[in-house]
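First the structure, in the form of structure tokens, and then the observations on it.
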Amino acid sequence: MPELRVLDRKPADLVRLGKEAQLHLNEGEFAAIQKYFERLGREPTQLELETIAQTWSEHCKHKVFNGVIEYVDERGHKEIIDNLFKRTIRKATERVAGEVGWLVSVFKDNAGIIAFNSSHHACMKVETHNHPSALDPYGGANTGLGGVIRDVLGCGLGAKPVANTDVFCFGLPDLAYKDLPSGVLHPKRIAKGVREGVRDYGNRIGIPTVNGAILFDARYTCNPLVYCGTVGVLPKGMESKQARPGDKIVAIGGRTGRDGIHGATFSSAELDESVSTSVVQIGNAIEEKKFLDVLLKARDLRLYSSLTDCGAGGFSSAVGEMGADCGARVDLEKAPLKYAGMQSWEIWVSESQERMVLAVPPGNVERLVKLFADEDVEASVIGEFTDDRLLSVHHGGQLAGQLDMAFLHRGNPRLEQKASWKPKPFEEPVFSEPKNLGSLLKRLLAAPNIASKETTIRQYDHEVQGGSVLKPLVGADLDGPGDAAIMRPFFDGWAGLAVSNGINPLYGDIDPYWMAASAIDEALRNLVAVGCSLERVALLDNFCWGNPKDEAKLGELVRAAKACHDVAVAFKTPFISGKDSFHNEYTVGGKTVSIPSTLLISALGVMGDVRQRVSMDFKQKGNPLYVVGKTFQELGGSHYYRLQGAVGRSVPRLVVARARKQYAGLAKAAAIGVGKKNRDRVVRAMHDCSEGGLGVALAEMAFAGGLGCEIDLRKLPREGVERNDYALFSESNARHLVEVNKSKRTAFERLLRGTDFACIGRVTGPGRLVVKGLQGETVLDEDGKALKKAWKGTLNW
Amino acid sequence: MEGDAELVKIMAEFKAMVLKTAGTNCDFETAEALRLAGFSPETMHVNELIRGGKNLRDYRFLVLPGGFSHGDYIASGKILANKLKYRLGEDVPRFIEEGNLVLGICNGFQTLVKAGLLPGFDGNYKRQDVTLTFNDSGHFQDEWIELKNVNKGRCVFSKGLRKTIHCPINHGEGKFIPGSRKVLARLHEQDQVVFKYAGRNPNGSLDDIAGICDETGRVLGLMPHCEKNLFSVNDPRSTRLDLPVEGEGTAIFRKAFEFVKKRK
């Protein structure tokens, strides 16, 4: 690659040349670079340009969220948003931080940290690895997981990873090959590759994969989404770190090669047919497991003062970030390489996997290197932290590049962008109430987004480390869909961690505000469904969007972020970490396809006693069934409307004050009788109503428990719902179905007083799901086994 | 102080080694299981034994936990098996001959089998007579199964043990295949078959075999993870049934402890 000369060139030309060199810098950024080097009176070296491009990439700098946005809302009101992140997500956290009192470290480390038990904190991070997974599903998913695990390892002075989560969005699995765009892998191939990538990495490294989701939509065909999350536990007192001048820079783990060059800058670009897979890294779980084990030992011996993972941008980002406040000097010839012949800049920005960088006081270096060597892990001193506030990189005795830390970290101009939002002209579909609701229920259960994900889940180890309490599959035959996972990381107490997620891009087609609100509510009600109270729950946001230069797309982002603020504040569930991924679009034959704006909300809840757990399967014949939460005619973006070929307009909304009260009552009810016999418990089963509404939730509870039920829709707490199909399939938020111990009805009703709840029926013996309609007639009578078969038949590949 | 010294001495009698290498990943819960049963466990990297930093003779119980030792590249457990066989030489066979206990769970079982430590016919701890290979499904499986204790008294881990143990399997290469019909017949004849899968056979193992022991009954290998059911809160049936606080899997470790205690 020829060196790029920047002085005396038009920034517009530089943008084009920069794109060819995979730098992906914009005009304003090139102008700032020109100015900096004009002052120095020289051209930048290639290594310097690469360093700047990595550091200023969307992946590392979150330029869209941190920039200035001129936003025009649906009523034409204009608003200047100076830093969307600070004004929405971060603001929500700041507003509740004082009140909650259990936040330890938010938004500044590799993962967010909250207080857990008397000895440990808990932390979590969720990453995306979309572009790599589109090109190389197996490798992309592998390294996506490897990367987020290192984020947790690099959190504080090093947290022990105790659980992984994964959420995937793919194109439709039955897409005809003739309809597959050029240069794109078939969704089924991507799905299988990603599944195997997560399986082989997660299982090998010995971290249980406990929670996730898989969604399908035609618009993910060219740009699949792969979200990987990791939960960790960190000993108290290990939450802060600081590299000091004089500390040695020690690289540990794998060697550096040419794999994964330009991964960071590549995240700032849209995909097309020309992209090379050399940007995708190559993963090796065992390499990472090896240093994971030793790293935690070195941590407990306090052998290092700071650490971070080598992710996007490789050494350039890791050393650049750690030395941002002091300075660093690196000698590249000391970095162990996979093979000879690499250029300076390649070594410096390579994203080869399984590497971390430590800051080690000189007196500890020998001991640390030996500790790693004892377990066959390479640890190499590649430089030291300085006090000159410069990032100096040497190679073969020559200076390959030197940049001011201040310029590198604060010299990039802020992005100024325009955004606007107007509701799309969707109409409510008009059709008469179908006669056969049973066959519709079966079609819903078989819809890929609702259908059983057992084939995938069973290939993931969710037991390793021995702390799995509530598993992703539950029930009499251990195949029912659990709402959230619960882990107990330490065996000397009953405290545990619950993890869930919420995601529904279909709502975003109608209104991203309510999509975000619904995603938060879904994640939270999933936690409540397993018996976790919302007293100590943290949220993580993951925005996967199309091109932020598109005003409407950016408008959707603003609207979703505003909802994140409003709902998180109202629930008192602060955000602790997040991630964004833009440019999820693909151009082929002059046509650009973008993903639907997709927000994943992950929730991490602390449980004082994991024995409070509740699973979703029906337990006992004769127990009453309650619905808590009101059903509205909210089918916009629902799966039911989708079956009817419509999107609709009536997207589910949310009144947080009402939901909070319900959730508090349910959590209290779930806590009664803990540690005693099951017959002493008040709540015997609980499940939230989400995709497919009440109908799908009932069916899942019934067949997971191998039992039936009889319900009467006339008793359903509802407003404006006058049709049986709407009552059964509306996707209103904030609703739970609860099987209550028949001898504990009074206790349950007392705890739910003041909320919208009603007993709508009872659990029956093995067999049928029977629904009496709003006129008192039987509108649905289906065999539980047949429903289960429909649910299990779609994704059994 | 005298009490402490006494305690240290007692602890030393019940020292158990959890042997790990690159890719071992069930060492944490295995050590917890040993502790619950009364042992004082130490987790050790195989390099430490190879270098001579630690001596197996200071321990009464050697446990090879689950995981993906060296990535299971080549074949599951193979590389670690070769380290035991060629780098530690007579250490493990001598450890067995001296009357100590050895347990291999999942990857540990695969390792014992590939090193020739199981089934150990005629006291030969170097010859591989059986193997564990890819599940019939062709991929990793995580599911809870019922483990049936079928041993008639040879295996010290299962003597007087409950009839069934509910615990998960987490493996991709758990299909038990003996080298010949003769080997299979001999395993049955010599009462070396310890555990079978009750109900559905999850991986295609011959005769539903899930675990075997050596001729002394003091070396046991099994695929299912008994150390994943130490507390009934981990047992998925516990949301439906009233179970005692202790999980069913702990019993195997308790049997080991009883044996070591009696022997002392």
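The values are calculated or read from the model by the stated rules, or taken from the named source; none is laboratory data. Note that the structure is predicted; figures quoted are calculated from it, not measured. Cβ placement follows ideal geometry from the backbone for every residue including glycine, while neighbour counts extend to all protein chains displayed. For the accessible areas, the whole protein counts, side chains as well, though only heavy atoms, and no ligand, DNA or RNA atoms are used. Shrake-Rupley method; radii C 1.70, N 1.55, O 1.52, S 1.80 Å.
For segment A:1-44, compute Rh as the Kirkwood radius over C-alpha pairs and then the Stokes-Einstein diffusion coefficient at 20 °C and 1.002 mPa s; write the answer in µm²/s, rounded to an integer. For the chosen part, D equals 207 µm²/s. Within segment B:195-229, what residues put their amide N at less than 17 Å from the label point 7 Å along the Cα-to-Cβ vector of B:GLU143? Once the point is set 7 Å along Cα→Cβ of B:GLU143, B:196-210, B:223-225 turn out to lie under 17 Å by backbone N, inside segment B:195-229.
Computed with the Debye formula from one identical point scatterer per Cα of segment B:47-117, without solvent, the log10 of I(q)/I(0) at q = 0.28 Å⁻¹ comes to -1.40.
Sorted into 5 angstrom bins from 0, the C-alpha pair distances of segment B:116-191 split as 3, 13, 16, 20, 23, 18, 6, 0 percent. Between the beta carbons of A:ARG367 and A:SER240, assuming R0 = 25 Å, the FRET efficiency works out to 0.65 to the nearest 0.05.
The fraction of Cα-Cα pairs per 10 angstrom bin, counted from 0 for segment B:2-263, comes to 7, 33, 39, 17, 3, 0 percent, rounded to whole percents.
Taking label positions 7 Å along the Cα-Cβ direction at both A:HIS77 and A:THR778, the computed distance is 5.4 nm, reported to one decimal. Working note: Cα atoms of segment A:133-250, range along each principal axis, descending, whole Å: 60, 30, 23.
Across every direction, the projection of the convex hull enclosing the Cα atoms of segment B:189-241 has a mean area of 4.9 nm².
With the cut-off at under 14 Å, measuring from each backbone N in segment B:93-114 to a point 7 Å along the Cα-to-Cβ line of B:ALA75 picks out B:110-114. Here the ratio of the Cα radius of gyration of segment A:670-783 to 2.2 N^0.38 Å is 1.07. For a modelled paramagnetic label at A:ARG723, 7 Å from Cα along Cα-to-Cβ, the residues of segment A:630-652 in reach, with backbone nitrogen under 19 Å, are A:631-652. Of the DSSP H helices in chain A, those with a Cα length along their own long axis of 15 Å or more and a mean Kyte-Doolittle hydropathy reaching -0.5 comprise A:27-40, A:89-100, A:137-153, A:285-300, A:512-529, A:551-571, A:656-671, A:693-705.
With the Kirkwood sum run over all distinct C-alpha pairs, segment A:65-200 has a hydrodynamic radius of 18.2 Å. In units of the rule-of-thumb radius 2.2 N^0.38 Å, segment B:159-264 shows an alpha carbon radius of gyration of 1.16. For A:VAL104, the residues whose amide H sits under 5 Å from its own are A:ILE113, A:ILE114, A:ALA115, ignoring neighbours fewer than 5 places away on the same chain, with H placed 1.01 Å from N. Summing Cβ point charges (Lys, Arg +1; Asp, Glu -1) relative to the Cα centre of the protein assembly as shown gives a dipole of roughly 2940 debye. Shielding by partners for peptide A:676-688, expressed as the average number of C-beta atoms from other protein chains within 10 Å of each residue's C-beta, is 1.
Pairs exceeding a 23 Å alpha-carbon distance, out of A:LYS338/B:LYS114; A:LYS630/A:LYS785; B:LYS20/B:LYS83; A:LYS61/A:LYS91; A:LYS63/A:LYS334: A:LYS338/B:LYS114; A:LYS630/A:LYS785; A:LYS63/A:LYS334. Each principal axis of the Cα atoms in segment A:726-797 has its own extent, and those three values, largest first, are 45, 33, 28 angstrom. What you get for segment B:85-209, charging only the Cβ of Lys and Arg (+1) and of Asp and Glu (-1), is a dipole of about 240 debye around the Cα centre. The orientation-averaged shadow of the Cα convex hull for segment A:509-585, equal to a quarter of the hull surface, comes to 5.4 nm². Peptide B:15-28 is shielded by partner chain Cβ atoms: per residue, an average of 4 of them sit within 10 Å of its Cβ.
Solvent exposure of segment B:1-158 amounts to 37 Å² per residue of accessible area, where only protein heavy atoms count and the probe is 1.4 Å. For segment B:126-141, a drop of 50 Å² or more in accessible area on going from the chain alone to the assembled protein chains (1.4 Å probe) is found at B:HIS139, B:PHE140.
Within the accessible surface of segment B:2-263, defined with a 1.4 Å probe on protein heavy atoms only, the carbon and sulfur portion equals 51 percent. Size descriptor for segment A:431-542, Kirkwood hydrodynamic radius: 16.5 Å (Cα pairs only, one decimal). Only Lys, Arg, Asp and Glu carry charge here, each on its Cβ (+1 for the first two, -1 for the last two); on that basis segment A:1-44 has a dipole of about 60 debye about its Cα centre.
To the nearest 0.05, what FRET efficiency results for B:LYS261 and B:ARG57 with a Förster distance of 22 Å applied to their C-beta separation? After rounding, the FRET efficiency stands at 0.70.
For the protein assembly as shown, adding -39500 (n - 2.57) for each run of n ≥ 4 DSSP H residues and dividing by the number of residues yields -9000 deg cm²/dmol at 222 nm. Ordered by solvent-accessible area of protein heavy atoms (1.4 Å probe), largest first, the residues A:ARG681, A:ARG255, B:ARG186 come out as A:ARG255, B:ARG186, A:ARG681.
On the principal axes of its alpha-carbon atoms, segment A:542-659 has extents of 61, 39, 26 Å, going from largest to smallest. Mean projection of the Cα convex hull over all viewing directions, computed for the protein assembly as shown: 43.0 nm². The mean number of Cβ atoms from other chains found within 10 Å of a Cβ in peptide A:203-214 is 3, as a whole number.
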